[in-house]
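The values are calculated or read from the model by the stated rules, or taken from the named source; none is laboratory data. Here the structure is a predicted model, which is why all the values come from computation and not from measurement. Cβ coordinates were reconstructed from backbone atoms using ideal geometry, including for glycine residues, and neighbour counts include every protein chain displayed. Calculation scope for accessible area: heavy atoms of the full protein, side chains included, ligands and nucleic acids excluded. Shrake-Rupley method; radii C 1.70, N 1.55, O 1.52, S 1.80 Å.
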Amino acid sequence: MIAITAGVLSGFFFTGIIGRSMASFLLFYASPFPLFMVGLAFGWVAAAVAGAAGALYVLATAGMRAALFYLLAMAVAPVILSRLALMWRPAAGGGEGEAQDEAGREWYPEGRLLIWLAVMGGVLVSAALLLLGTDLESIRAGLGKMADAVLEATRLAEDLPPDQVKTVRDYLIAATPPVSAIVWMLTMLVNFWAGGRLAQAFGYPVRPWAPFWKLTLHPRALAGLAVASFATFLPGIFGLIGEIFASTLLVAFMLLGLAVVHAVTLGNPWRPVVLAVLYFGLLVLNWLIALPLVILGMAEVAFGIRRRVLGRGGGPPGNTVS
């Protein structure tokens with residue numbers, strides 16, 4: 001009953017976007033939250049039941065296409081991530097920042113969950129683009145119609161000169177795929193974190209979480225980023241798909257870079273000020289701050305920055321590439 005109730009609530013949040021108000025948009029982006037909460041509290045089967053209930057609610061209120069979109073964009077990720085997050089094994093001194101509990105168990109690493117989110121975001125947006133067409137021209141034509149709808153809804157076409165309208169339209173066509181994947185990834189990440197926190201606040205035995213500064217990415221993530229970055233130079237749709245996957249993986253490495261900053265400032269009296277300035281700069285300057293963090297995250301995977309600065313306790317034992 002809890003799972004079904006959570007699913008209906010999730011579906012209600014999802015269909016709230018029809019209202020086109022700021023509150024309805026916030027509810028729309030919070031629609032995975034109830035699914036994550038029941039999934040982390042009761043297991044992935046409960047998340048699946050909640051997702052099915054939410055899909056039925058959306059089907060009854062908004063139709064088949066909306067229900068299918070809800071299932072793929074909002075319900076699948078909570079089921080998969082709940083299943084992975086609740087996996088554990090006897091503590092074996094893992095080197096990926098695994099959280100451990102008093103029972104001697106270590107839990108599925110948060111870094112791997114982050115990579116799963118990056119990959120799922122890439123797959124979801126790539127699949128959505130393929131629905132627009134199987135070649136780059138068809139996809140750009142479909143994205144162009146979306147850009148025209150945005151320009152019409154915001155009335156920018158009426159306020160800007162024709163040449164600037166074309167520039168904005170071209171920018172929307174180019175930016176929509178990677179930005180959509182990034183927004184989906186960050187939305188799921190926030191709901192994942194919030195769902196686990198609320199389930200824990202209600203007293204459910206949610207798995208322990210490692211401190212953010214211990215976040216670690218497996219070296220294969222760096223190899224995946226290299227492959228995706230190389231794919232961006234390929235012609236046609238393959239280059240576009242490579243751009244999408246590269247964007248979500250770059251976000252993962254940016255978060256790792258943030259974790260490194262959190263780690264190396266431990267014990268520093270200026271730590272709150274440094275972190276406040278960093279996050280404010282990230283919000284205001286965006287990629288001007290994000291790019292150095294990405295580089296820092298890549299250096300952490302390759303060279304073990306935290307291990308070198310904090311000693312062996314600051315990161316995985318031994319070389320992080322082993």
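First select every other residue whose beta carbon is under 13 angstrom from the beta carbon of residue 299; then total the charges, Lys and Arg +1, Asp and Glu -1.
Surrounding charge for residue 299 is +2.
Given Cα pairs under 8 Å that are at least 6 residues apart, what percent is the relative contact order of region 112-219?
Once divided by the residue count of region 112-219, the mean separation gives 37 percent.
Which whole-number percentage describes the relative contact order of the chain, with Cα contacts under 8 Å and a sequence gap of 6 or more?
17 percent
Which of the peptides 44-54, 195-205 is most tightly packed, and how do the rest follow, going by the mean number of other Cβ atoms within 10 Å of each residue?
Ranking, from highest mean packing down: 44-54, 195-205.
Considering amide H positions built from the backbone, and no H for Pro or chain starts, which residues 5 or more places from residue 216, or on another chain, come under 5 Å of its amide H?
Amide H neighbours of residue 216, under 5 Å, 5+ apart: 111.
Collect residues whose amide H, placed 1.01 Å from N in the peptide plane, falls under 5 Å from the amide H of residue 105; neighbours closer than 5 in sequence don't count.
It is 91, by chain and number.
If you build the Cα gyration tensor of the chain and take the root of 5 times each eigenvalue, what three semi-axes come out, in whole angstrom, biggest first?
33, 27, 18
Show the residues, 5+ positions off or on another chain, whose built amide H is closer than 5 Å to the amide H of residue 133.
Close amide H contacts, sequence-distant or interchain: none at all.
Please report, in debye to the nearest 20, how large the charge dipole of the chain is about its Cα centre when each Lys and Arg carries +1 at its beta carbon and each Asp and Glu carries -1 there.
700 debye
Averaged per residue, what accessible area in Å² does region 9-140 show with a 1.4 Å probe, protein chains only?
Per residue, region 9-140 has an accessible area of 48 Å².
Roughly how far apart, in whole Å, are the Cα centres of region 69-84 and region 3-58?
Between the Cα centre of region 69-84 and that of region 3-58, the gap is 11 Å.
Karplus couplings for region 257-263 from phi (6.51 cos²θ - 1.76 cosθ + 1.60, θ = phi - 60°), rounded to Hz, Gly and Pro as x?
Each residue's phi maps through the Karplus curve to give x, 4, 4, 5, 4, 4, 6 Hz.
What percentage of the solvent-accessible surface of the chain, computed with a 1.4 Å probe over protein heavy atoms, is contributed by carbon and sulfur atoms?
71 percent
Pick out which of 133, 242, 122 has the largest mean-square fluctuation in a Gaussian network model of the chain, springs linking Cα atoms closer than 10 Å.
Result: 133 has the largest fluctuation of those listed.
Can you run phi through the Karplus equation (6.51, -1.76, 1.60; θ = phi - 60°) for region 171-188 and list ³J(HN,Hα) in whole Hz, with x for Gly and Pro?
5, 4, 5, 6, 8, 4, x, x, 5, 4, 5, 5, 4, 4, 4, 5, 4, 5
Evaluate the relative contact order of region 1-96 (contact order divided by residue number), counting alpha-carbon pairs under 8 angstrom at least 6 apart; express in whole percent.
Result for region 1-96 is 31 percent.
Going by accessible area, probe 1.4 Å, with all protein chains left in place, what is the ranking of 188, 87, largest first?
Highest to lowest solvent-accessible surface, that is 87, 188.
In what sequence, highest mean first, do 230-239, 6-15, 260-269 appear when ranked by Cβ atoms within 10 angstrom?
Order by mean packing, descending: 6-15, 260-269, 230-239.
Calculate one ³J(HN,Hα) per residue across region 57-71 by plugging θ = phi - 60° into the Karplus curve 6.51 cos²θ - 1.76 cosθ + 1.60, and present them in order as whole Hz with x for glycine and proline.
5, 5, 4, 6, 9, 10, x, 5, 5, 5, 5, 5, 5, 4, 4
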